[in-house]
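First comes the structure, then the notes that go with it.
The values are calculated or read from the model by the stated rules, or taken from the named source; none is laboratory data. This one's a predicted model, so the numbers in the text were calculated from it and none came from an experiment. Don't worry about glycine lacking a Cβ; one is built from the backbone with ideal geometry, like all the others, and counts go over all protein chains shown.
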Amino acid sequence: MIFATVGTQLPFERLMRALDDWAGMHPERPVVMQLSDSDYRPRHCQFVAYTRPAEWEQYFNEADLVVSHAGMGTILKSLELGKPLIMMPRLAALGEHRNDHQMATSARFDGYSNIRIVNDSIELTAALNDPPAATLPVDSKENVNLNALIGALKQFVDGGVIKNG
């Protein structure tokens, strides 16, 4: 199952429409979308506007692929669980966000083996047809550095202070 999530602040219809179009051509791959407050209603996917945290976690855990905006919660959870993630940053020029911070966020995760960054529907289709591989969960001994990075990012996101050393 593919789980697509766009967070709770803004809809992301460019991503949802492109994924729904792909799902129409691949009915063998179930897709569940968390849409936020969107007027768009997918034709080929199961969808919800919002999920409670436990529901979001369940969808995430059941997914074999996650598709998302460049939201830190989704990125961290993908890294933590080693889930393959296709990430499309929102663009301010298209009215999808107030600024282009998601472009900067996604650029920081370019090169991670379980993350693929796409910028449009053509790149999304290619990534869905050849998704990134899953990686080892963060708590495995092989991922000590990644575990430290995720811990620091979580601390930062939660408003804590990150100390060197």
Pair list, Cβ < 6 Å and 6+ apart or interchain, from the range 44-66 residues that are in contact (Cβ under 8 Å) with a residue 60 or more places away in the chain and under 16 Å from L76 (Cα atoms) to residues that are of a type outside the set (F, W, Y) and surrounded by 12 or more Cβ atoms within 10 Å (Cβ to Cβ): A63/M1; L65/I2; L65/P84; L65/P131; V66/S78; V66/K83; V66/L85
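With respect to G7, determine if the residue is surrounded by fewer than 20 Cβ atoms within 10 Å (Cβ to Cβ) and either of a type in the set (A, V, I, L, M) or at positive phi (or both).
Answer is yes for this residue.
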Qualifying positions in the range 81-104 - surrounded by fewer than 18 Cβ atoms within 10 Å (Cβ to Cβ) and either within 19 Å of G7 (Cα to Cα) or modelled with pLDDT of 90 or more (or both): L91, A92, L94, G95, R98, N99, D100, H101, M103, A104
Residues (of a type in the set (G, A, S) and either at pLDDT below 90 or more than 23 Å from D21 (Cβ to Cβ) (or both)) located in the range 45-63: A49, A54
All positions within the range 10-31 that are out of contact with any Lys or Arg (no Cβ under 9 Å at 6 or more places or on another chain) and crowded, with 20+ Cβ neighbours inside 10 Å: M16, A18, L19, V31
Selected residue (criterion: farthest from G73 (Cα to Cα)) from residues of the range 1-20 that are in contact with a helix residue (DSSP H, G or I) (Cβ under 7 Å, 6 or more places away or on another chain) and not hydrophobic (A, V, I, L, M, F, W, C): R14
